[in-house]
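Heads up: the structure comes next, in structure tokens.
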Amino acid sequence: MNHLKKLGIACLLAVAAMAVGGAGSAAAAQSTFCKVNETPCKSGNHYPSGTEFVLKSTGPIKWVSSFEGEPTLQVTCESAEFKGKTSTTGGSAQTVEVAFTTQFLSNCGQCGITTLQTAKMKFNWVSGTMDASVTTTGLEYRFNCKTILGEVSCTYGGEIKEKTTLTGGNPAVLKFEAAPVTASGGLPCGNQAELTGEFDVTTPKPLYVSNT
């Protein structure tokens, strides 16, 4: 009986070891910005930490508010420009990160704009491509809009970690494709919104995303 107990404990330890090994085998978040279309990216072709990073919109940027799944308000700005710098070079165990220092939105219809927080972005290489998925934090705006219900004040912000991509090229293109964001301010702001917009990376150019 003692032998069986020892055998059972050994089996449990083996299973636990397999579980730990499996968890450790998951790919780490990784990326580098590369000057040429190559993976791996040679060290001389990396864009280093401190590289200027500029996004310019190629069309309107839209926030569509909803409440319990029903659209309640749309805010549209005709153009936007974000400027910042990379704060990391990235690598096989680290992502490239960009911290923006200026964000301009213009021609937002009947809405005044207040920038509450500037954005940070992390870029995670998509295996088999020269592209990245993008996580945005800190981006927060308040819009004071004139509507048929009177003037309303809506705030959009929070972490954006879905439906945002960077496609490498000359120029690279960043897209928010109905990306979920948090909304606040009561009706008609709702409690959820989707952000849609497309930007060219005008600096640096060309830009490709590699894993090392």
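The values are calculated or read from the model by the stated rules, or taken from the named source; none is laboratory data. Please read these numbers as outputs of a predicted model, since none were measured by experiment. When we count neighbours, we look across all protein chains shown, and the Cβ atoms used for this are built from the backbone with ideal geometry, even at glycine. Protein only, heavy atoms only, side chains kept; ligands, DNA and RNA dropped before computing areas. Shrake-Rupley method; radii C 1.70, N 1.55, O 1.52, S 1.80 Å.
Key figures for this structure:
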{"item": "Cross-chain or 6+ apart pairs with Cβ under 6 Å, segment 76-96 first and touching a residue at least 60 places away in the same chain (Cβ under 8 Å), then open to solvent by 20 Å² or more (accessible area, probe 1.4 Å) and aliphatic (A, V, I, L, M)", "result": "80/105; 93/28; 95/29"}
{"item": "Which numbered condition residue 127 fails, given (1) part of a strand (DSSP E or B); (2) in contact (Cβ under 8 Å) with a residue 24 or more places away in the chain", "result": "(1)"}
{"item": "Which numbered condition residue 150 fails, given (1) over 15 Å from the mean Cα position of the chain (by Cα); (2) at pLDDT 95 or above; (3) open to solvent by less than 50 Å² (accessible area, probe 1.4 Å)", "result": "(2)"}
{"item": "Subset of segment 91-118 (residues that are assigned to a loop (DSSP other than H, G, I, E, B), open to solvent by 40 Å² or more (accessible area, probe 1.4 Å), under 30 Å from residue 30 (Cβ atoms) and polar (S, T, N, Q))", "result": "92, 118"}
{"item": "Segment 52-90, residues that are under 16 Å from residue 134 (Cα atoms) and either open to solvent by less than 30 Å² (accessible area, probe 1.4 Å) or in a strand (DSSP E or B) (or both)", "result": "53, 54, 55, 82, 84, 85, 86, 88, 90"}
{"item": "Evaluation of residue 212 against (1) over 23 Å from residue 147 (Cα atoms); (2) of a type outside the set (Phe, Trp, Tyr); (3) in contact with an Asp or Glu (Cβ under 9 Å, 6 or more places away or on another chain); (4) part of a loop (DSSP other than H, G, I, E, B) (one fails), failing number", "result": "(3)"}
{"item": "Within segment 131-205, strands (runs of 3 or more DSSP E) holding 2 or more residues that are within 25 Å of residue 112 (Cβ to Cβ)", "result": "132-137, 140-147, 150-157, 173-184, 192-203"}
{"item": "Residue in segment 27-41 that is more than 30 Å from residue 147 (Cβ to Cβ), β-branched (Val, Ile, Thr), in contact with an Asp or Glu (Cβ under 8 Å, 6 or more places away or on another chain) and open to solvent by less than 20 Å² (accessible area, probe 1.4 Å) present", "result": "no"}
{"item": "Segment 186-212, residues that are of a type in the set (S, T, N, Q) and either modelled with pLDDT under 95 or over 30 Å from residue 67 (Cα atoms) (or both)", "result": "191, 192, 202, 203, 210, 211, 212"}
{"item": "Selection within segment 153-211 - open to solvent by 60 Å² or more (accessible area, probe 1.4 Å) and β-branched (Val, Ile, Thr)", "result": "167, 182"}
